[in-house]
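Taking it in order: structure first as C-alpha cells, then the write-up.
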Amino acid sequence: MMLNDRLLSDAKFYSKLIGVLLDKEDTISGKIKGTTIERRVMLLKADPEEYPDYLIRVTRGVIPCLSVLTPNMELVGIIESNNPDYVITSLKDMLNSFETKKIRPVKIPEYVPEPQEPSEASIFDTVNKVIDQQKADFRVIELIKTISKVERRYSTVEKFLSPMDEVASYVLGRGELGGGFAIYEAVKIIKGDPSKLEEYVVDGKVFRSSKRENWGLLIDEAIAGYAFLVRYLREGKDEYLEQAVRIRDFVKRELETEKGFRDTVPKDPLTSITYLEPLANAEVAVFLSALWQATGDEETKKMAMKALGVASVRSDFLGINARIAHALLRLNHGILTSTPGNYGDVRVMLNKGVNCSFKQGDKCAEKLEEFSGLGLED
C-alpha cells in the first residue's frame, strides 16, 4: 500500500499522524494493530525492497524503521528497532511529546546537489579501491573484468575482487540469483543467463518487481535499459534496441530535471519530493552512454553527461565511482562494432552504421585486440 490522497485526507480529517513502517516482517505491525495507538496513527507498512524511494526519504537506511509523518509530509521522528515492545513504547512517547508540542516536525528536504565535473581519474580510483579490498557490486566487477583484460599493468587486479552482495557473487559465478525483481532479471541478461525481463517492462515503464506495485524508479529503468542493449550487442536484433530507446524516452519524459534525474516518478506527496540520487544517476549514465554508442544520438549523450554531473557529487563511493568510469570509457574511449557478439568489454557497443569491424574514434580495425590498453595516463 502506498500513500494516497484518501489516506492523507483521512489523516487530516481525523487529526492523525502517519506511521510509515519499513520492515520485511509483520511483527511490529501486528503488535500495533488493535491497540489505542491506531486511534492516533494511521500505519502504512511498506516493503523496503519494493519501496526504496520511501526508504531514502524517511529513514537513515536502518531497517526495520518506523518513521512518523504529519499529513503535510513533515517528519515527526524515526524509531529504529526490531523489538516491537520498544517501538510501541517509543511511539507512545513520541506521540505524547508531539501532542504537547515538545516535538516540532521538520520538513522533509529535497536533495538537488550542484553537479560536479566527472573525471577519468575515477577509473584509477576504482582500481585502487578494489585493491584495497573494498566490497564490489556487480557494476564494479563488470568494469574490473574489462580493465584487467585490456590493460596489462592491471592484469591481476581481478583477484582482489570481494563481492558486496548476492548479486555480485552471482556475477562472479558463486551461487544463483532468484527472480521477482526487474534488476535481478536484468543482471541475468548481463551475465548471459536466461531472463524474464520483458515481463517487467511496458512501453518503457519498468515495474520494480513481479508484485507490480511500484514502477518508474530510475535505477530499475537504467539497469533494464542497459540489459536490453547488452542483448542487442550480442544478438543484433533491433527489437532490443527499440526497447532501450523506449526506456530512454520514458526517463526523459518522466524523470529528467534541470540538474539531473529524479530517483522515481512522483506518485504521491512523499515521492513528489525531488531527490536526485547519485547512484541512480550514475547507473543511468552507464545506460545512456551505451545507447549513445548504439545510436549516435547527441541528445542521449547530453542526458548521460547531465547524469554524470549528479553522480560525481558522491564519487568517493566505489559503486558510484565505477559507474562514472564505465560511462566515461564509453563516451570518451568507446569502441563501435558492426558485428554482434559477446565481447566482455564495456567499451564495446553494436552500431550498424559502422563501416568496419571495430572502430574507435577515427581508427578502424579487424580485431578488437588491436585496441588493447585503455589509452589513459595516470
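The values are calculated or read from the model by the stated rules, or taken from the named source; none is laboratory data. Because the structure is predicted, anything quoted here is derived from the model rather than measured. FYI the Cβ positions are ideal-geometry reconstructions off the backbone, even for glycines, and counts take in every protein chain you see. Just the protein is used for accessible areas: all its heavy atoms, side chains included, with ligands, DNA and RNA removed. Shrake-Rupley method; radii C 1.70, N 1.55, O 1.52, S 1.80 Å.
So here's what we get for this one:
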| quantity | calculated |
| --- | --- |
| Test: residue in segment 147-161 that is under 26 Å from Lys352 (Cα atoms), in contact (Cβ under 8 Å) with a residue 24 or more places away in the chain, assigned to a helix (DSSP H, G or I) and open to solvent by 60 Å² or more (accessible area, probe 1.4 Å) | yes |
| Selection within segment 84-122 - of a type outside the set (Ser, Thr, Tyr) and either assigned to a strand (DSSP E or B) or surrounded by fewer than 13 Cβ atoms within 10 Å (Cβ to Cβ) (or both) | Asp85, Asn96, Glu99, Lys101, Lys102, Arg104, Val106, Lys107, Pro109, Glu110, Glu114, Glu117 |
| Meets criteria (open to solvent by less than 20 Å² (accessible area, probe 1.4 Å), in a helix (DSSP H, G or I) and in contact (Cβ under 8 Å) with a residue 60 or more places away in the chain) for Tyr170 | no |
| When residues of segment 248-264 are limited to those that are of a type outside the set (Phe, Trp, Tyr) and crowded, with 20+ Cβ neighbours inside 10 Å, the one nearest to the chain's Cα centre (by Cα) | Asp263 |
| Some residue of segment 135-143 being under 14 Å from Tyr226 (Cα atoms), open to solvent by 10 Å² or more (accessible area, probe 1.4 Å), at pLDDT 95 or above and touching a strand residue (DSSP E or B) at 6+ places or on another chain (Cβ under 9 Å) | yes |
| Members of segment 49-69 found to be part of a loop (DSSP other than H, G, I, E, B) and either out of contact with any Leu (no Cβ under 8 Å at 6 or more places or on another chain) or surrounded by fewer than 18 Cβ atoms within 10 Å (Cβ to Cβ) (or both), listed by number | Glu49, Glu50, Arg60, Gly61, Val62, Ile63 |
| Matching entry among Arg6, Arg40 (being of a type in the set (Lys, Arg) and either within 30 Å of Tyr184 (Cα to Cα) or loosely packed, with under 15 Cβ neighbours inside 10 Å (or both)) | Arg6 |
| Residue match in segment 295-315 (condition: open to solvent by less than 10 Å² (accessible area, probe 1.4 Å), polar (S, T, N, Q) and in contact (Cβ under 8 Å) with a residue 40 or more places away in the chain) | yes |
| Hits in segment 15-27 (condition: within 33 Å of the chain's Cα centre (by Cα) and either surrounded by fewer than 18 Cβ atoms within 10 Å (Cβ to Cβ) or modelled with pLDDT under 80 (or both)) | Lys24, Glu25, Asp26, Thr27 |
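This table checks each residue for (1) open to solvent by 10 Å² or more (accessible area, probe 1.4 Å); (2) over 16 Å from Leu291 (Cα atoms); (3) touching a residue at least 12 places away in the same chain (Cβ under 8 Å).
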residue	(1), (2), (3)
Ile190	yes, no, yes
Ser195	yes, yes, yes
Val201	yes, yes, yes
Phe207	yes, yes, yes
Ser210	yes, yes, yes
Ile223	no, no, yes
Tyr226	no, no, yes
Val230	yes, no, yes
